[in-house]
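Novice: Sharing a structure with you now.
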Amino acid sequence: MRPPESDFLNISETFVSIQGEGLDAGLPCFFIRLSGCNLRCSYCDTRYAYEPGPSIPLQELIDEWKGSGVNLVQITGGEPLLQPAVYRLMHELLRMGAKVLLETNGSMNLSQVPFKVIKIVDRKTPGSGMAGSWFPLNLRYLNSGDQIKFVLTGQEDFKWAVSEVARLELWHIAQILFSPASQFLAPQSLAELMLDIRMPVRLQLQLHKILWGRRRGI
Ligand code: SF4
């Protein structure tokens, strides 16, 4: 019998790679990239995820994760919270013992995301063109294991991000990541800017791009 429609997810790609970002960087990880995004960031490197992909039963995704032999799972996009069935996927993966990361663009309400899911939430900057998309109430759904990520396109973005972090003392809420937007800001320049301000903010480089460059499925 065919499962109900709510048990399907529209998928852009699945793959196993080295986790390139955040506090789990360096670990093998099973990635589930969902299709569709409600934003259009200037530096987006996953435009291919805007288009709908195949609709896959949730159980098939879980079986694929089990077969991967990797405990760490990242659900990403596009914007994964656009698809209601993602909540069931998160609950099922947690129930089966996975460590689950959710990468989300900061525009979606996080109130229904299971507490045990580690949330990596973008704070879009002016340089992204999408700064107005932030859903401010989300700060109350984050904790010290979660991560707020600023992808920075240049010095103006950097100054803006520093003032946001300081204004809200975001380091008391979650881990703060500053990441240079690929092809916009050199990692060395960002490192030097960060050394000048001495805030409890972590430099994040995209390890997978250092290893394999800009391509899909890594
Ligand atoms: S939120 Fe992510 S996937 Fe969507 S446009 Fe921005 S960078 Fe691309």
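Values quoted throughout were computed directly from the atomic coordinates according to the rules given, and no laboratory measurement underlies them. Please read all numbers here as calculations on a predicted model, not as lab measurements. Neighbour counts are summed over all protein chains in view; Cβ atoms, including those assigned to glycine, are modelled from backbone coordinates with ideal geometry.
Novice: Which percent, nearest 5, of DSSP beta bridges in the chain are antiparallel?
Specialist: Restricted to the chain, the bridges split so that about 30 percent are antiparallel.
Novice: For the chain, modelled as a GNM with alpha-carbon contacts under 10 angstrom, which of ARG198, ARG33, ARG95 fluctuates the most?
Specialist: Of the options given, ARG198 has the highest mean-square fluctuation.
Novice: Counting other Cβ atoms within 10 Å of each Cβ, which GluC sites (Glu not before Pro) in the range 109-218 have at most 16 and sit in a DSSP loop?
Specialist: GLU169
Novice: Something else: Among HIS91, HIS172, HIS208, which one shows the highest mean-square fluctuation when the chain is modelled as a Gaussian network with alpha-carbon springs under 10 Å?
Specialist: The residue with the greatest mean-square fluctuation here is HIS172.
Novice: Let me ask another. Would you mind calculating the gained length between GLU13 and ARG47 on full extension (0.36 nm times residue separation, minus the Cα-Cα distance), in nm to one decimal?
Specialist: 11.0 nm
Novice: So, one more: Let me check the size of the chain from its C-alpha atoms; what are the radius of gyration and Dmax in Å?
Specialist: 17.0, 61
Novice: Could I ask something else about it? Which one, LEU82, VAL16, MET194, projects farthest toward the positive side of the charge dipole computed for the chain from Cβ point charges (K/R +1, D/E -1)?
Specialist: MET194
Novice: While we're on this one: Which residue, PRO136, PRO28, PRO126, tops the fluctuation ranking in a GNM of the chain built on C-alpha contacts under 10 Å?
Specialist: With Cα springs under 10 Å in the chain, the top fluctuation among PRO136, PRO28, PRO126 is at PRO136.
Novice: Just to check I understand the Karplus step: with θ = phi - 60° and J = 6.51 cos²θ - 1.76 cosθ + 1.60, what whole-Hz values come out for the range 192-199, glycine and proline as x?
Specialist: 5, 4, 5, 5, 5, 9, 6, 9
Novice: Please state the charge dipole magnitude for the range 5-212, taken about the Cα centre, from unit charges on C-beta atoms (+1 on K and R, -1 on D and E), reported in debye and rounded to the nearest 20.
Specialist: With Lys and Arg at +1 and Asp and Glu at -1, about 420 debye.
Novice: Semi-axes of the equivalent ellipsoid of the range 55-166: what are they in whole Å, largest first, if each equals the square root of 5 times a C-alpha gyration tensor eigenvalue?
Specialist: Value: 29, 14, 13 Å, ordered largest first.
Novice: From Cα pairs below 8 angstrom and at least 6 apart in sequence, can you work out the relative contact order of the chain, rounded to a whole percent?
Specialist: With pairs under 8 Å counted, the relative contact order is 19 percent.
Novice: Considering only Cα-Cα distances, which of the following residue pairs are longer than 24 Å: LYS66/LYS119; LYS124/LYS209; LYS124/LYS159; LYS99/LYS149; LYS99/LYS124?
Specialist: Beyond 24 Å: LYS99/LYS124.
Novice: Residue separation times 0.36 nm, minus the C-alpha to C-alpha distance between MET194 and ASN71: what's the value?
Specialist: 41.0 nm
Novice: Something else now. How much length is gained if the chain between LEU203 and ALA166 is pulled fully straight, taking 0.36 nm per residue apart and subtracting their Cα-Cα distance, in nm to one decimal?
Specialist: Computed gain between LEU203 and ALA166 is 11.7 nm.
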